[in-house]
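**Q** Got a structure here, written out as structure tokens. Questions coming.
The values are calculated or read from the model by the stated rules, or taken from the named source; none is laboratory data. Everything numeric here is computed off the predicted structure, so don't read it as measured data. Note: ideal-geometry Cβ built from the backbone for every residue, glycine included; neighbour counts use all protein chains shown. What goes into the accessible areas is simple: the full protein's heavy atoms, side chains included, and nothing from ligands, DNA or RNA. Shrake-Rupley method; radii C 1.70, N 1.55, O 1.52, S 1.80 Å.
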Amino acid sequence: MIAITGGAGYIGGHLTDTLIDEGYDVMIIDDLSSGTYVHPKAELKRFDLRGGNDLKLDGVDVIYHLAANPDVRTSMMDSIEHFDRDVKATFNLLEIARKNDVKTVIFASSSTVYGESRIPTPEWAPIKPISNYGLFKVMGEDMLRFYSNNYGIRGISVRYANVTGGRVSHGVVKDFIEKLRRDPSKLEILGNGKQRKSYIYIEDAVDSLIFLESYYKGKYDEFNVGNEDWITVNEIAQIIEEEMKLKPAHVYKDELEGRGWKGDVRFMLLDCMKITSLGWRPRLTSSDAVRLATRDLIHGYRK
Ligand code: NAD
């Protein structure tokens, strides 16, 4: 049995679909605070990981830990809410794993742990987050490494670039489409539009988790998972406008030296040699990921 915390959310929901398609039994651990998608063949344990760690898991060998509040922007305002969902929840999850003799925990971390770093950013680059979200992911990684060293749990921290695609719960692609649906004549862009980042398509993101669970044989490690290319916010706007057949005026809200919000890392491109040397690489580029995500959100996800 495989357990997925946050299995009713965006990435967790897709991971559940894929694992069930591959014949696995899946248990979703989720408080349904933001997630709404519960695969009919999955077992749902409705549980708030902030509240404690008394949860019996029979026969679970692997946990994918995806439950969190994934919004970098709000982490700078609602820091306690984020601490509880990102740090306290991760501590409780690790206690649940320890008490139930779970062998492997795979943690959805983030490129935000690096802050504004060298480009492309390898895993050994200094850890200097500039958002609470990034800080709390560092704390999650540290706890997983500690539990791995001290309790023998195999741990994998996956430092994702931006993940996009059908059913995405937040982020620039969803935000632009919603704004253009409300008012097709103008598009508000947070920052100067020149922020440039790497994106991966949801199917690649899910595939990388399953790949690492199978092919990483060590005790604990961190892996960057992103694309070789990157794309500006202005280029994302252009792709979405092409797909929606609109020509809106751009209105820039540029008050933070080009950043979209406090804590926004303006330039992000990960060096993914560590995972590619194990034999994995994404199928879609950043721009193809954004284009397909736009189509998924406009026309509905194909699956
Ligand atoms: P999401 O918000 O769609 O899903 C999160 C899920 O966690 C939801 O179903 C929610 O109900 C659940 N949850 C929240 N708090 C909980 C709690 N206390 N107890 C139990 N369940 C709880 O987010 P997502 O985009 O699917 O992100 C999944 C993971 O990947 C998160 O850890 C996020 O930080 C990380 N991540 C996401 C991206 C991205 O681009 N989406 C990038 C890097 C890392």
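**Q** As a test of the formula, what do you get for the chain when each DSSP H run with n ≥ 4 contributes -39,500 (n - 2.57) and the sum is divided by the residue count, at 222 nm and rounded to the nearest 500 deg cm²/dmol? Walk me through the numbers on the way to the answer.
**A** Values: 10 runs with 107 residues, N = 303.
Estimated from H runs of four or more residues: -10500 deg cm²/dmol.
**Q** Can you give the three extents of the C-alpha atoms in segment 187-228 along their principal axes, from longest to shortest, in whole Å?
**A** Taking max minus min along each principal axis of the Cα atoms, segment 187-228 gives 46, 20, 16 Å.
**Q** With the Cα gyration tensor of segment 186-303 giving a ≥ b ≥ c as the square roots of its eigenvalues, does the rule (a/c under 1.5 for rounded; else a/b larger than b/c for prolate; else oblate) give rounded, prolate or oblate?
**A** oblate
**Q** At a 1.4 Å probe, what is the % contribution of carbon and sulfur to the accessible area of the chain?
**A** Answer for the chain: carbon and sulfur cover 50 percent of the accessible area.
**Q** Non-local amide H neighbours of LEU269 (under 5 Å, H modeled in plane, Pro and chain starts lacking H): which ones?
**A** Close amide H contacts, sequence-distant or interchain: THR121.
**Q** Here's something else I'd like to know. Please work out the Kirkwood hydrodynamic radius for the chain, using every pair of different C-alpha atoms, and report it in angstroms with one decimal place.
**A** Answer for the chain: a Kirkwood hydrodynamic radius of 19.5 Å.
**Q** With +1 on each Lys and Arg Cβ and -1 on each Asp and Glu Cβ, and nothing else charged, work out how big the dipole of segment 133-213 is about its Cα centre, in Debye to the nearest 20.
**A** My answer is approximately 320 debye.
**Q** Against the longest principal axis of the chain, how steep is helix 202-215, in degrees 0 to 90 to the nearest 10, with axes from Cα atoms?
**A** Value to nearest ten degrees: 30.
**Q** How high is the relative contact order of segment 17-115? Use alpha-carbon pairs under 8 Å, at least six apart in sequence, and give a whole percent. Walk me through the numbers before you get to the answer.
**A** Working: 103 pairs, mean separation 28.1, N = 99.
Normalised by residue count, the contact order of segment 17-115 is 28 percent.
**Q** With θ set to phi - 60° and the Karplus curve 6.51 cos²θ - 1.76 cosθ + 1.60, what are the ³J(HN,Hα) couplings of segment 123-132 in order, to the nearest whole Hz, using x for Gly and Pro?
**A** 5, 7, 5, x, 8, 9, x, 10, 10, 4
**Q** Another one. Just to confirm the number: angle between the C-alpha axis of helix 172-182 and the first principal axis of the chain, 0 to 90 degrees, nearest 10?
**A** The angle comes out at about 50 degrees.
**Q** Which percentage, to the nearest 5, of the DSSP beta bridges contained in the chain is antiparallel?
**A** Just about 5 percent of them are antiparallel.
**Q** Can you tell me, using C-alpha contacts under 8 Å and at least 6 residues apart, the relative contact order of the chain as a whole percent?
**A** The normalised contact order for the chain reaches 19 percent.
**Q** Among all the aspartates and glutamates, which ones have a C-alpha under 19 Å from LYS103's C-alpha, if same-chain residues fewer than 8 places away are not counted?
**A** Leaving aside aspartates and glutamates fewer than 8 places away in the same chain, those within reach of LYS103 are ASP25, ASP54, ASP58, ASP61, GLU95, GLU141, ASP142, GLU213, ASP221, GLU222.
**Q** In degrees from 0 to 90, rounded to the nearest 10, what is the angle of the helix 286-299 Cα long axis to the longest principal axis of the chain?
**A** Taking the Cα atoms of the chain, the angle to 286-299 is about 90 degrees.
**Q** Continuing with this model, one more query. Could you sort out which of LYS186/LYS253; LYS56/LYS217; LYS194/LYS247; LYS179/LYS253; LYS137/LYS262 sit more than 22 Å apart by Cα distance in this structure?
**A** Values: LYS186/LYS253 13 Å; LYS56/LYS217 27 Å; LYS194/LYS247 19 Å; LYS179/LYS253 14 Å; LYS137/LYS262 17 Å.
Flagged as over cut-off: LYS56/LYS217.
**Q** By how many nm would the segment from TYR215 to GLU116 lengthen if fully extended, with 0.36 nm per residue of separation less the alpha-carbon distance?
**A** Going from the current span to full extension adds 32.6 nm.
**Q** Next question, about the same structure. Using the Cα centre of segment 180-303 as the reference point, and only Cβ charges (+1 on K/R, -1 on D/E), how large is the resulting charge dipole? Debye, rounded to the nearest 20.
**A** Around 220 debye, computed over segment 180-303.
**Q** Just reorder TRP280, TRP261, TRP124 by solvent-accessible area, largest first, 1.4 Å probe, all chains present.
**A** Result, largest first: TRP124, TRP261, TRP280.
**Q** Once a ≥ b ≥ c are taken as the square roots of the eigenvalues of the Cα gyration tensor of segment 108-265, is the result rounded (a/c under 1.5), prolate (a/b larger than b/c) or oblate (a/b not larger than b/c)?
**A** It is prolate, given that a/c is not under 1.5 and a/b is the larger ratio.
**Q** Would you please give the residues with an amide H less than 5 Å from that of ASN162, counting only those at least 5 places away or on a separate chain, with H modeled from the backbone geometry?
**A** Correct list: SER198, ILE200.
**Q** A follow-up question, please. Antiparallel as a % of all DSSP beta bridges within segment 180-303, to the nearest 5?
**A** Taking every DSSP beta bridge within segment 180-303, about 30 percent pair in antiparallel fashion.
**Q** Here's a follow-up. How much area per residue is accessible in segment 65-120 when the probe is 1.4 Å and only protein heavy atoms are counted (Å²)?
**A** Roughly 39 Å² per residue, with all protein chains present.
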